[in-house]
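To keep things clear, I will list the structure first and then write my remarks on it.
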Amino acid sequence: MSGAHSQGPGGHGRGSGDFVFDMRSLGRQPGSFRDETRTAHAPGGLGSGLVLVPAGADVALDLRFEAVSEGVLVTGSAVAPLSGECARCLDPLTSSVEVSIQELYRYLPDPGEDETDDEVRFLDGDRLDLEPAFRDAVVLALPLSPLCREDCPGLCPECGVRLADADPLHGHGEETDPRWGPLRQLDVSDRVED
Ligand SMILES: [Zn+2]
Ligand SMILES: [Zn+2]
């Protein structure tokens, strides 16, 4: 980062410019390509119930932009940190997610040519905004049941203790279940108060 403020005001309610790439150098010549690595700051709101990509976290982008006849083909990968909690023991966890990206960004259709297909991504002039593609890829890749470790034993269903910390023989047989204690005491008592 140089000291210059390279990102203009430019926010139209969209993310930072971190995911925007300038395609001018490709010259719209099919076959020309450019490789670029970049660290971008994660946009907010990227997560599911249990895990999320922290807003502003560093996302490592490793991309190739290749001009093809109808637009620019982006291929590469993105690696983002994850934080959340273990689905079994609810401990905080940190992890990361790597997604591969393969997206065709088409040149804008000619005026009058109606192509409003949601599935199609377009270049904005010479600007390619990778953020929507990145979002879609990450959302699909988020683990539904993130675990602090592969074999996390979770919590005891009876008392809620973390089984990873508990005695290996931790359990609640009928003999030791504290809820039955008072009942047993009643059973052995023959006294009837009158
Ligand atoms: Zn766990
Ligand atoms: Zn227990």
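The values are calculated or read from the model by the stated rules, or taken from the named source; none is laboratory data. Note that the coordinates shown come from a computational prediction; the quantities given were computed from them, not determined experimentally. Positions of Cβ are backbone-derived with ideal geometry, glycine not excepted, and every protein chain shown enters the neighbour counts. Note: accessible area is taken over every heavy atom of the protein model, side chains too, but ligands, DNA and RNA are not part of it. Shrake-Rupley method; radii C 1.70, N 1.55, O 1.52, S 1.80 Å.
Do any strands (runs of 3 or more DSSP E) lying entirely in the stretch 53-106 carry at least 2 residues that are open to solvent by less than 70 Å² (accessible area, probe 1.4 Å), within 16 Å of Leu140 (Cβ to Cβ) and away from ligand 2 (no atom under 16 Å from the Cβ), and which ones are they?
Details: elements: 58-68, 71-85, 92-106.
Filter on the stretch 53-106 gives 71-85, 92-106.
Give all pairs with beta carbons closer than 7 Å in which a residue from the stretch 153-167 that is part of a strand (DSSP E or B) meets a residue that is among the aliphatic types (A, V, I, L, M) and surrounded by 15 or more Cβ atoms within 10 Å (Cβ to Cβ); count only pairs at least 6 apart in sequence or on separate chains.
These pairs meet every condition: Leu155/Leu163; Arg162/Leu155.
Could you say whether any residue in the stretch 106-121 is at pLDDT 65 or above, under 25 Å from the mean Cα position of the chain (by Cα) and of a type in the set (D, E, K, R)?
yes
Output the residue which, of all residues in the stretch 119-151 that are of a type in the set (A, V, I, L, M) and assigned to a helix (DSSP H, G or I), is surrounded by the fewest Cβ atoms within 10 Å (Cβ to Cβ).
Looking only at the stretch 119-151, we keep the residues that are of a type in the set (A, V, I, L, M), and these are 120, 123, 128, 130, 133, 137-142, 144, 147.
The next check asks that each one be assigned to a helix (DSSP H, G or I); those that pass are 133, 137-141.
Values: Ala133: 20, Ala137: 20, Val138: 23, Val139: 13, Leu140: 9, Ala141: 14.
For the stretch 119-151, the residue satisfying everything is Leu140.
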